[in-house]
Amino acid sequence: MRAPDPDFLRTTRDSYDAIAEDYTGRFADGLADLPLERALLTAFVELAGEGDGEGVRAPVADLGSGPGYVTARLDRLGVPVFGVDVSPRMVALARAAHPGLRFHVGSMTELDLPAGSLGGIVARYSIIHVPDEHLPSLFAEFHRVLAPGAPVLLAFQSGEEDGTLHMDERFGRPISLDYYWRSPGSVIAPLRKAGLELTAQVMREPEGEEKRPRALLMARRPNGS
């Protein structure tokens with residue numbers, strides 16, 4: 001029998017189900033005004049596109065795919081891709097907006113995928129709801145499903161110190177959602193402990209209505225690991 005989902009997964013799922021329509025209406029394309037993040041996504045695609053040396057490209061997973069715009073951009077950049085989100089309502093809206101792409105309900109903490117089957121992982125502002133104590137096992141799961149040499153691109157709210165924000169309302173709807181912001185080092189340490197190799201880190205200042213800096217990390221599963 002499968003163990004019950006941790007509380008943070010249940011509250012994240014229920015909260016995003018409650019705000020899915022409002023969130024999708026507000027963030028139909030959250031990359032539109034972020035050229036730096038688009039550039040890093042393009043660099044990620046080049047790294048994921050190296051394949052197995054015989055022209056075969058393993059699929060890329062967009063974890064925490066939400067409205068599906070990152071999945072759609074990855075598809076336009078030419079990589080086989082699918083989205084995974086914990087919220088069934090978000091998945092339904094992503095499927096409606098991008099009917100030619102695959103979206104699945106699931107948790108990035110426990111992926112229903114064979115070991116070594118992914119050519120890359122994008123987790124853009126989705127680890128922000130994962131408590132600190134779950135990061136080591138999350139990144140161990142990333143290591144398990146990635147093919148040797150495959151890249152990971154993470155984006156998250158950051159700053160010089162770590163912190164937590166609890167929200168019980170968003171878009172006028174009741175939710176129960178914790179947000180974690182972290183210094184890059186607080187994420188790099190469990191990444192490395194899980195056997196992933198850091199290849200790049202970028203910090204950018206807040207844009208528009210953003211209140212905190214953003215950290216973007218590129219890592220990979222080393223060849224031969």
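Scanning the stretch 110-126 for residues that are open to solvent by 20 Å² or more (accessible area, probe 1.4 Å), in contact with a helix residue (DSSP H, G or I) (Cβ under 8 Å, 6 or more places away or on another chain) and on the phi < 0 side of the Ramachandran plot turns up Glu110, Leu113, Pro114, Ala115, Ser117, Arg124. Evaluating Pro206 against the criteria (1) at pLDDT 95 or above; (2) surrounded by fewer than 20 Cβ atoms within 10 Å (Cβ to Cβ) leaves one unmet condition, (1).
Picking from residues in the stretch 171-203 that are of a type outside the set (A, V, I, L, M, F, W, C) and within 16 Å of Pro148 (Cα to Cα), the one that is least open to solvent (accessible area, probe 1.4 Å) is Gly195. Of note, Leu165 does not satisfy the criterion of being in a strand (DSSP E or B), in contact (Cβ under 8 Å) with a residue 40 or more places away in the chain and open to solvent by 10 Å² or more (accessible area, probe 1.4 Å). Out of Val152, Val91, Val122, Val130, report the one residue that is free of Cβ contacts under 8 Å to residues at least 40 places away in the same chain and among the hydrophobic types (A, V, I, L, M, F, W, C). Exactly one of Val152, Val91, Val122, Val130 is free of Cβ contacts under 8 Å to residues at least 40 places away in the same chain and among the hydrophobic types (A, V, I, L, M, F, W, C), namely Val91.
For the stretch 71-88, which residues satisfy the criterion of being within 20 Å of Ser15 (Cβ to Cβ) and touching a residue at least 24 places away in the same chain (Cβ under 8 Å)?
So the first thing to find is which residues in the stretch 71-88 are within 20 Å of Ser15 (Cβ to Cβ), and the list is 83-88.
Hits for the stretch 71-88 are Val84, Asp85, Val86, Ser87, Pro88.
Within the stretch 55-76, which residues are acidic (Asp, Glu) and either open to solvent by 10 Å² or more (accessible area, probe 1.4 Å) or out of contact with any Lys or Arg (no Cβ under 8 Å at 6 or more places or on another chain) (or both)?
The initial filter retains those residues of the stretch 55-76 that are acidic (Asp, Glu), namely 62, 75.
Listed by number, the list holds a single entry, Asp75.
Scanning the stretch 77-86 for residues that are open to solvent by 20 Å² or more (accessible area, probe 1.4 Å) and more than 14 Å from Ala48 (Cα to Cα) returns a single hit, Val86.
Is there a residue in the stretch 192-206 that is in a helix (DSSP H, G or I) and over 18 Å from Gly159 (Cα atoms)? I'd like the intermediate steps shown before the answer.
First pass over the stretch 192-206, keeping only residues in a helix (DSSP H, G or I): 192-193.
When the remaining residues are screened for being over 18 Å from Gly159 (Cα atoms), the result is 192-193.
The answer is yes, given that some residue of the stretch 192-206 is in a helix (DSSP H, G or I) and over 18 Å from Gly159 (Cα atoms).
What are the residues in the stretch 94-109 that are part of a helix (DSSP H, G or I) and crowded, with 23+ Cβ neighbours inside 10 Å, if any? Once the filter is applied, which keeps residues that are part of a helix (DSSP H, G or I) and crowded, with 23+ Cβ neighbours inside 10 Å, the stretch 94-109 yields only Ala94. Residues of the stretch 129-156 that are open to solvent by less than 40 Å² (accessible area, probe 1.4 Å) and either among the basic types (Lys, Arg) or more than 18 Å from Leu118 (Cα to Cα) (or both): His129, Val130, Pro131, Leu135, Ala155, Phe156.
Every condition in (1) open to solvent by less than 20 Å² (accessible area, probe 1.4 Å); (2) under 17 Å from Leu146 (Cα atoms) is met by Val91 except one, and the failing one is (2). When residues in the stretch 21-48 are screened for being under 17 Å from Arg124 (Cα atoms) and out of contact with any strand residue (DSSP E or B) (no Cβ under 6 Å at 6 or more places or on another chain), 19 of them pass.
The values are calculated or read from the model by the stated rules, or taken from the named source; none is laboratory data. Every value quoted in this text rests on a predicted model; they were computed, and no experiment measured them. All Cβ positions, glycine included, derive from the backbone under ideal geometry; neighbour counts span all protein chains shown. Just the protein is used for accessible areas: all its heavy atoms, side chains included, with ligands, DNA and RNA removed. Shrake-Rupley method; radii C 1.70, N 1.55, O 1.52, S 1.80 Å.
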